[in-house]
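Below is the structure I would like to discuss, written out as structure tokens.
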Amino acid sequence: MRPVQPSVANMMDPERERATTPAKRKLADRDLSPREMEKAGTRPPPPGQVNGDRAPPSRSSTRPPTASPQAVQKKRARHMTPPVWAQRWDSRENRRLNKANYELQKRGPPSTNGKPPVVVKQEQIKQELVSRHTSPEAVRSDSLKGAPVADHNPNNEIVAILGPWEPSITGIKPTDEIAKNVADFLYLNVVANPDSGEIANRGVEFEIEAKLGTLIDKDTNERVEKFVTTACLLHDTGRIAFRSSMTAAQHKGMNQWLNDKVLNTNPQNPDPRVRDRVQVQYKHRREVDKFFEIPSQLRGRLPGCVRARINPKHSVKLQGRLPGCVRARINPKHSVKVRVTYDQKTGEPLAKIVKARVADINLHMPNAPLDCRISINLEAAWDGPIEELEQIAVGHGNKFPDRSKDRLSYTQSHYQVDLTQVTQTVPGPGNTQRVDKEHELEIELAPHVTIDQGQRATSGQPHKYPELIEGFVDNIRILARAAGDFV
């Protein structure tokens, strides 16, 4: 057999080879302790191996020169007992060895080419499987490890004063009962309206408005007294009327109050406390409303949702011009009128609307000078020409006087506050005429946003329908209380 040359690995790193292959120690070194082994001198590398078997050393091979010119001769250690491989064990004597084999060398997986396989821990495998390229997520997570975690607990300011605190025993603030009932009221009559299909197809618009005024008890002709100390919703018993007006002093005070809100939310306001506020947009309009009663031969233009509520005694042959959803909600006791709005300065017609009531709910606020009526109406555009109304419509002179409106509109997000002074010329005593002025304040809620958020809530999509209605109710409360400062 030809002698086998030492391997490259053994030549380059003999010490590591011996450390990882304890089975290849010399017989004399097997009983040495690890500390004694460390003190052993530098030894020449072992000869090459073939398939794990030791090859006989070559006589002609030369060992590489050692670092030291003169090798240190190590004194052989003496032991009191023979090594374990030299001990004899007799099963009849049942005598145990002084030291078990596995304490000298722990068994492991079979070796390859005389070298034991490298043992790799599970954690090392996981690290090797990770990509060498740094991902954005890894960079972001590493950068955030040392950064303090921001605490977004909304209760921090309260906890700083009160100590451990939560909004309730469940950790959640209870829903406001008034806002919840108003949300249900709007959902049933707007979002889930049974005529919603025709309303959308015929271009009919919802109107959601809250008018400030006074709830009148019809039995006493005075403001209602329900012996309550907080705001509450009242059942419609048929014995409550509503007067939608405020005093001139309240109108003037609310005008200045709302103007201040426009200035406070202006993006150019240097005050840092209002820099991130949602801006209040301001618009001043001067308009004139004229009313034309629709004769029976023209009521067929009404939509079916409106026409269905017209008094059946009236002719319905020509009522098809209004959608049925509008016709269904016209009060039989009231005449059907078209409201034509003109620009006061130019005389140009701006809108032709037929309004039909859907539902309303009364909010009594005993701690404020004003109450509120939240109304839902349908507004259908009249598709006929104005000249037709002027020629055919029933005379409206003294019966439907013109309304001159000086309106200030303040819009923020999905809410619009209309502060209006209405002037009418009405007949007075002795064939005289007098000028009446009414001051009104209304808060309108965007109907398309209400429908959208309500439908999202119905289908389980992310929505903010409760917050939308709660903001609507909160604006009503704030404006009603503010009016108390200008009585």
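Normalised by the number of residues in region 184-486, what is the relative contact order in percent for Cα pairs under 8 Å and 6+ residues apart?
24 percent
Same structure again: All other residues with a Cβ under 14 Å from the Cβ of Asp219 taken together, and with Lys, Arg as +1 and Asp, Glu as -1, what is their net charge?
Neighbour charge sum, excluding Asp219 itself: +1.
Give, as a single signed number, the net charge of other residues whose beta carbon lies under 11 Å from the beta carbon of Ala179, with Lys and Arg counted +1 and Asp and Glu -1.
Neighbour charge sum, excluding Ala179 itself: -4.
Here is a further query. Is the shape of region 209-316 rounded, prolate or oblate, going by the alpha carbon gyration tensor and its root eigenvalues a ≥ b ≥ c, with a/c under 1.5 for rounded and a/b larger than b/c for prolate?
It is oblate, given that a/c is not under 1.5 and a/b is not larger than b/c.
Taking a virtual spin label 7 Å from the Cα of Thr458 along the C-beta vector, which residues in region 159-189 bring their backbone nitrogen under 20 Å of it?
Only 180-189 fall inside the zone, counting backbone N under 20 Å.
Taking the simple approach of a point 7 Å from Cα along Cα-to-Cβ for both Ala241 and Asn266, what is their distance in nm?
In this crude spin-label approximation the distance works out to 4.4 nm.
Also, quick follow-up: Using a Förster radius of 22 Å, what is the FRET efficiency between Asp436 and Arg285 based on their Cβ-Cβ separation? Nearest 0.05, please.
0.60
Just to check I understand the Karplus step: with θ = phi - 60° and J = 6.51 cos²θ - 1.76 cosθ + 1.60, what whole-Hz values come out for region 462-469, glycine and proline as x?
x, 8, 9, 4, x, 5, 4, 6
Continuing with the same structure: Subtract the Cα-Cα distance of Glu222 and Ala482 from 0.36 nm times their separation in residues, and report this length gain in nm to one decimal.
Length gained, Glu222 through Ala482: 91.4 nm.
Please list 3J(HN,Hα) in residue order for region 157-173, calculated via the Karplus relation 6.51 cos²θ - 1.76 cosθ + 1.60 where θ = phi - 60°; whole Hz, with x for glycine and proline.
5, 6, 5, 4, 9, 8, x, x, 7, 9, x, 7, 5, 8, x, 10, 6
Between beta-carbons, use under 13 Å as the cut-off and find the net charge around Ile476, counting Lys and Arg +1, Asp and Glu -1.
Summing Lys/Arg as +1 and Asp/Glu as -1 gives -3.
Okay, moving on. Using a/c under 1.5 as the rounded threshold, could you call region 329-487 rounded, prolate or oblate? The axes a ≥ b ≥ c are square roots of the C-alpha gyration tensor eigenvalues, and prolate needs a/b larger than b/c, oblate otherwise.
oblate
Another question, then. Compute the distance in nm between two label points, each set 7 Å from the Cα along the Cα-to-Cβ direction, one at Leu234 and one at Ile158.
With each label placed 7 Å out from Cα toward Cβ, I get 3.3 nm.
Further question: Once the mean 1/r over all distinct Cα pairs of region 184-486 is inverted, what Kirkwood radius in angstroms do you read off?
By the Kirkwood definition, the hydrodynamic radius is 21.0 Å.
Bear in mind these aren't lab numbers, they're just calculated from the coordinates by the rules spelled out. As the structure is a computational prediction, the values presented were derived from the model and not from experiment. Glycine also receives a Cβ, built like all others from the backbone with ideal geometry; neighbour counts cover every protein chain displayed.
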